[in-house]
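S.K.: Following this message is one structure expressed as structure tokens.
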Amino acid sequence: MADTYYLGFDLSTQQLKCLVIDQKLKLIHSETVEFDQDLPHYNTHKGVYIREDGSIECPVEMWLEAVDLVFLRMSKREHLDLKLVRAVSGSCQQHGSVYWTSEGPKMLETLNPKSSLKDLLFPSAFSRPVAPNWQDHSTGEECEAFEKSSGGPQQLAQITGSRAHYRFTGPQIMKIARKEPKVYRNTAKISLVSSFLASLLSGKFTKLEEADACGMNLYDIEKRDYDDNLLCNIDANVADVREKLGGDPIPSDKVEPVGHIASYFIEKYGLNSKCEIYPFTGDNLATICSLPLRKNDVLVSMGTSTTILLVTDQYHPSPNYHLFIHPTLPGHYMGMICYCNGSLARERIRDQLDGNHDWKLFNEAVLSKTLNTDNELGIYFPLGEIVPSVPSSYRRATFTKDATTGSVTLNLVENFPSVAHDAKNIVESQALSCRVRISPLLSKDCADTTYHLGQNTVHFDYDNFELSEYAKRPHRAFFVGGASKNDAIVDRFAEVLGASDANFRLETPNSCALGGCYRALWSHLFFSKQTETSFDKFLDKTFRWGTDVQNLGMGSKEMWQHHNEKIAVLSALEATL
Ligand code: ADP
Ligand code: XUL
């Protein structure tokens, strides 16, 4: 069978990347345009402009130029025949928005390949030359208005999957409507960055994609419709706001191309007129599509901060994390939990143990069987934390538990006997915090019935559950990011999370773009009736398990049970923050 190719784009903050895979998921090519380096005339710093009032924005013109440049470079690669590309999808930085004039969408439909996207579209297609970036923090007043109009953070999270956030698109559009009324009036359509790129490639204005639309504080996830009350924050003329957003988003369970590649790209760069464009989504959502993640699987990303992504069928929103509609699995959601205090907090303890920044002593402490921390627990937040939502704080405690009632008595202490205790305790408490926050998102059948946690009620964030709620184990855990190279840290995390089926470690340097490639391939096969398999099963079957992941085996069940003893203690210790 002749090879066919699938493109996955990633328009992130600092670069535009395009990966090419074949039908067997083999990576054929990777092309990147680095904004600061390759397009220095925009004078961006790490891809953005930081304004005096603190706003953070990206030049739309630069993105147009980047799209031409990435295609130009690919069209010159001898081993890459762009005629073989059957389908395209991808992902973009979440929450950013692009503002079109009424001419803009029409101009997309008549792109002349003799010119460039930038010269053809800029500035007249856009009512605003810049797009708000997810790092922007300038919408404090608007966030307040969003929470007030819905009854508070918890109610807003219940409706939209998240409480109000500066970066979310609803508050961002509201700010523009208030502070730049002329721009808002001149805006006929608004795209998310993901639907903007899909629009460029298909040569027509493309609706928002539903999973990415959950990052706006505007979309009622259970009703699967925009919430009029929330839209009202932008403009009382709700019908007009809906019109600007292009009507209902593209439902995530609809597998259909938004169109074919625009003739501009066919004539200019040699793409095939049959090449289909599938919806683009947000980068975190695409990351879960880059791995064979199924319901109750969890991805632990151990970068500077710790981010947990998990696939769930439980709609249990919280103001402390995010739920999005899953981009490819009908009836499922993606949970995203972000902790500020990940690697940096561990590094501080490492450096107290070893001034040369070596992890050896830290790791020995984490794995030590003789260092007894059984009646200790510590919380280490050098930075203010999101989950739980508290300012910078440290707590160390020893505890006793009443054998009959299970009630916990804490004894707060200044220090443990040595810093080695802190090393062991920080990894345990970070992992335990992840564990208790993912439990309500795991299906009921994840409960380990061989172990009884007891009936006492414990409090975490906005939840008061019986301890037994936390007897759930994810099916599989995937560890990625800088600190996942560290065996001691990963072993302990795996032990506390207690995945029932497997633990894996993998490198995901290109995860968002790869997720786009896989979505393009699967969507093409599904739409053309070459497969009836769902996305997760398809990827599970075709994933290169032998080469792309390292199986870390199973954690010990005894150790998982051992850490259960500290759930009520963590709840009590967090109550002191
Ligand atoms: P980001 O995506 O946030 O830029 P990375 O995924 O590259 O970050 O991870 C960077 C973090 O990984 C650093 O803060 C560092 O502490 C941590 N890290 C790197 N190597 C190790 C290691 N061997 N052991 C523990 N942590 C490590
Ligand atoms: C997610 C978020 C960031 C951006 C990065 O809510 O704001 O992860 O998506 O591109």
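The values are calculated or read from the model by the stated rules, or taken from the named source; none is laboratory data. In this text the structure is predicted, and so the values were computed from the model without any measurement. All Cβ positions, glycine included, derive from the backbone under ideal geometry; neighbour counts span all protein chains shown. Ligands, DNA and RNA are excluded from the accessible area calculation, which covers all protein heavy atoms including side chains. Shrake-Rupley method; radii C 1.70, N 1.55, O 1.52, S 1.80 Å.
S.K.: Which numbered condition trips up residue 560, out of (1) open to solvent by less than 60 Å² (accessible area, probe 1.4 Å); (2) under 30 Å from residue 520 (Cβ atoms); (3) of a type in the set (Phe, Trp, Tyr)?
M.R.: Only one criterion is unmet by residue 560, namely (2).
S.K.: So for segment 122-134 (the condition being assigned to a loop (DSSP other than H, G, I, E, B), surrounded by fewer than 21 Cβ atoms within 10 Å (Cβ to Cβ), within 15 Å of ligand 2 (Cβ to nearest atom) and in contact (Cβ under 8 Å) with a residue 60 or more places away in the chain), does at least one residue qualify?
M.R.: No.
S.K.: Another question, then. Could you tell me how many of the residues in segment 322-354 are within 13 Å of ligand 2 (Cβ to nearest atom) and either farther than 26 Å from residue 424 by Cα or of a type in the set (A, V, I, L, M) (or both)?
M.R.: Residues in segment 322-354 being within 13 Å of ligand 2 (Cβ to nearest atom) and either farther than 26 Å from residue 424 by Cα or of a type in the set (A, V, I, L, M) (or both): 7 in total.
S.K.: Let me ask something additional. Check segment 389-396 and report whether any residue there is closer than 15 Å to residue 573 by Cα, small (Gly, Ala, Ser) and without any contact (Cβ under 8 Å) to a residue 60 or more places away in the chain.
M.R.: yes
S.K.: A further question on this structure: Is at least one residue of segment 442-461 within 17 Å of residue 299 (Cβ to Cβ), surrounded by 16 or more Cβ atoms within 10 Å (Cβ to Cβ) and more than 16 Å from ligand 2 (Cβ to nearest atom)?
M.R.: Yes, the conditions are met somewhere in segment 442-461.
S.K.: Which of the helices (runs of 4 or more DSSP H) contained wholly in segment 456-543 include at least 1 residues that are without any contact (Cβ under 8 Å) to a residue 24 or more places away in the chain?
M.R.: Output list reads 511-527, 535-542.
S.K.: While we're looking at this one, here's another question. Within segment 23-82, how many residues are surrounded by 14 or more Cβ atoms within 10 Å (Cβ to Cβ) and either outside the structural domain of residue 140 (by the TED database) or in a helix (DSSP H, G or I) (or both)?
M.R.: Qualifying residue count for the region: 21.
S.K.: Return a yes/no flag: does segment 222-234 have any residue that is surrounded by fewer than 24 Cβ atoms within 10 Å (Cβ to Cβ), free of Cβ contacts under 8 Å to residues at least 24 places away in the same chain and in a loop (DSSP other than H, G, I, E, B).
M.R.: Yes, segment 222-234 has at least one match.
S.K.: Oh, and also: Name the pairs: first residue in segment 284-310 and over 19 Å from residue 435 (Cα atoms) and among the small types (Gly, Ala, Ser), second residue open to solvent by 10 Å² or more (accessible area, probe 1.4 Å) and within 15 Å of ligand 2 (Cβ to nearest atom), Cβ to Cβ under 6 Å, at least 6 apart or on different chains?
M.R.: 286/512; 290/511
S.K.: May I pose another question? Quickly run through segment 358-368 and pick out the residues that are touching a residue at least 40 places away in the same chain (Cβ under 8 Å) and either open to solvent by less than 40 Å² (accessible area, probe 1.4 Å) or in a loop (DSSP other than H, G, I, E, B) (or both).
M.R.: Within segment 358-368, 359, 362, 363, 365, 366, 368 qualify.
S.K.: Looking for whichever is buried (at least 22 other Cβ atoms within 10 Å of the Cβ) and assigned to a strand (DSSP E or B) here; the options are 310, 293. Which one fits?
M.R.: Answer to the check: 310.
S.K.: Mind listing just one residue for me: the one in segment 135-189 that is basic (Lys, Arg) and in a helix (DSSP H, G or I) and, of those, nearest to ligand 2 (Cβ to nearest atom)?
M.R.: 175
S.K.: For residues in segment 493-520 being open to solvent by 20 Å² or more (accessible area, probe 1.4 Å) and either under 19 Å from residue 564 (Cα atoms) or within 16 Å of ligand 2 (Cβ to nearest atom) (or both), which is modelled with the lowest pLDDT?
M.R.: 508
Conditions (1) within 16 Å of ligand 2 (Cβ to nearest atom); (2) open to solvent by 70 Å² or more (accessible area, probe 1.4 Å); (3) out of contact with any Asp or Glu (no Cβ under 7 Å at 6 or more places or on another chain); (4) over 30 Å from residue 319 (Cβ atoms), marked per residue:
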site: 356; (1), (2), (3), (4): no, yes, yes, yes
site: 370; (1), (2), (3), (4): no, yes, yes, yes
site: 374; (1), (2), (3), (4): no, yes, yes, yes
site: 378; (1), (2), (3), (4): no, no, no, no
site: 394; (1), (2), (3), (4): no, yes, yes, no
site: 410; (1), (2), (3), (4): no, no, yes, no
